[in-house]
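**Q** Provided herewith is a single structure, encoded as structure tokens, for subsequent inquiry.
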Amino acid sequence: MITQSDPYKVLGISPQASALEIKSAWRKAAKQWHPDMGSRDAVSRVRFDEAVKAWELLKDPVKKEAYDGRFRQTFRSPVKPPSPPRPPSPAPRAPSPPMPPKARSHTVHFDQENVVFLYLKDLFSPLKISLRLRSPLVCSSCVGKGVVRSLVGCGACKGMGWMPGRRGLVPCLTCHRQGFLHSKAVCAPCQGTGYRQNECSLEAHLPQGLQDQTFLRVKVPQSTKDIFLRISLRKHRSFTPKEHDLWMERQLSSARLLKGSSFTLKLLTGEKIRIKVPAQSAAGDVLRIEKKGLPKTSGFGDLFIRLQRS
């Protein structure tokens, strides 16, 4: 017979039970398994002996503490082994070389003005754009008519052109003795317009020194027509272009305007420069930094900074 040696399990309590809970559990077990209560079989005697031993052990605080410290470890769940140490992280990869800028793609058409939007920072590097040229061509399927004609067999005479009558064969009134009918259907390639959009790609190199609303003429190889482009510069949150010069506003406190100060400015090219504000400056004064504006055909424009009181 298998017996339970854990006194807590014998009494049906947890190891954190108080002395009052232990005594209550002992009384309950004694009433259940005591021989005088009517249980005289072997199992009842064993259960009663285990309850007596558990009560003798747990009612004494010294014995209970000794049991909890030395013998309770055998009934606890096994301790989880520590996880193995993580392998060292790999060495950081060397930074990959910067990719060359991709040519921006624009859809353009013949015989109309095509607007190309550029950012201010795009003007500081050789700019190459990709043009998708779309031009209408006469549809080869319908020859510009938008419908496709086809011949279908006559259903009335079964393609014979003649039909049986009272005195023999008579001409078919549906196909007029031809045996077929002319059918019209919308041309699928051009969707009934008679023209198809011919698309080809070409690259255009924009010259240096572009300004806002500049018009360019791009020649298309193997074509007598040209493409007309209008350059439109997108607005910048800090810089405003005026021809090849750049203008901006800088807010400073009254104390910094009177005593003089300096601040760092990041240009469109990514370069950082130090701007010195002379003493006794006033709101509305303009500082000029040479050759820090937009690129020209030869050289650069200037940068103008208008001081404002914050």
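The values are calculated or read from the model by the stated rules, or taken from the named source; none is laboratory data. Here the structure is a predicted model, which is why all the values come from computation and not from measurement. Positions of Cβ are backbone-derived with ideal geometry, glycine not excepted, and every protein chain shown enters the neighbour counts. Please note that ligands, DNA and RNA were not included when accessible areas were found on the heavy atoms of the full protein model with its side chains. Shrake-Rupley method; radii C 1.70, N 1.55, O 1.52, S 1.80 Å.
**Q** Quickly run through region 141-198 and pick out the residues that are in contact with a Pro (Cβ under 8 Å, 6 or more places away or on another chain) and among the charged types (D, E, K, R).
**A** 177, 196, listed by residue number.
**Q** Would you check which residues across region 276-291 are more than 20 Å from residue 254 (Cα to Cα) and open to solvent by 60 Å² or more (accessible area, probe 1.4 Å) and list them?
**A** The initial filter retains those residues of region 276-291 that are more than 20 Å from residue 254 (Cα to Cα), namely 288-291.
Selection gives 288, 290, 291.
**Q** Continuing with this model, one more query. Output the residues belonging to region 251-299 that are charged (D, E, K, R) and out of contact with any Leu (no Cβ under 6 Å at 6 or more places or on another chain). Don't jump to the end; show me each part of the working.
**A** Restricting attention to region 251-299, the residues satisfying the condition of being charged (D, E, K, R) are 256, 259, 266, 271-272, 274, 276, 285, 288, 290-292, 296.
Correct list: 256, 259, 266, 271, 272, 274, 276, 288, 290, 291, 296.
**Q** Residue 273 - would you say it is of a type in the set (A, V, I, L, M) and loosely packed, with under 14 Cβ neighbours inside 10 Å? Explain how you work it out, then say what you get.
**A** On the way: of a type in the set (A, V, I, L, M): yes; loosely packed, with under 14 Cβ neighbours inside 10 Å: yes.
In short, yes.
**Q** While we're looking at this one, here's another question. Pairs under 8 Å by beta carbon, first residue among the β-branched types (Val, Ile, Thr) in region 241-264, partner open to solvent by less than 30 Å² (accessible area, probe 1.4 Å) and part of a strand (DSSP E or B), six or more apart or different chains?
**A** 264/273; 264/275
**Q** Considering only residues that are without any contact (Cβ under 8 Å) to a residue 40 or more places away in the chain and under 30 Å from residue 270 (Cβ atoms), look in region 114-158 and name the one that is least open to solvent (accessible area, probe 1.4 Å).
**A** 122
**Q** What tally of residues in region 263-310 results from selecting those that are of a type outside the set (A, V, I, L, M), in contact with a helix residue (DSSP H, G or I) (Cβ under 9 Å, 6 or more places away or on another chain) and assigned to a loop (DSSP other than H, G, I, E, B)?
**A** Total satisfying the criteria: 6.
**Q** For the condition modelled with pLDDT under 75 and either out of contact with any Asp or Glu (no Cβ under 8 Å at 6 or more places or on another chain) or open to solvent by less than 50 Å² (accessible area, probe 1.4 Å) (or both), what is the one hit in 206, 202, 229?
**A** On the way: 206 fails: modelled with pLDDT under 75; 229 fails: modelled with pLDDT under 75.
After ruling out the rest, the residue left standing is 202.
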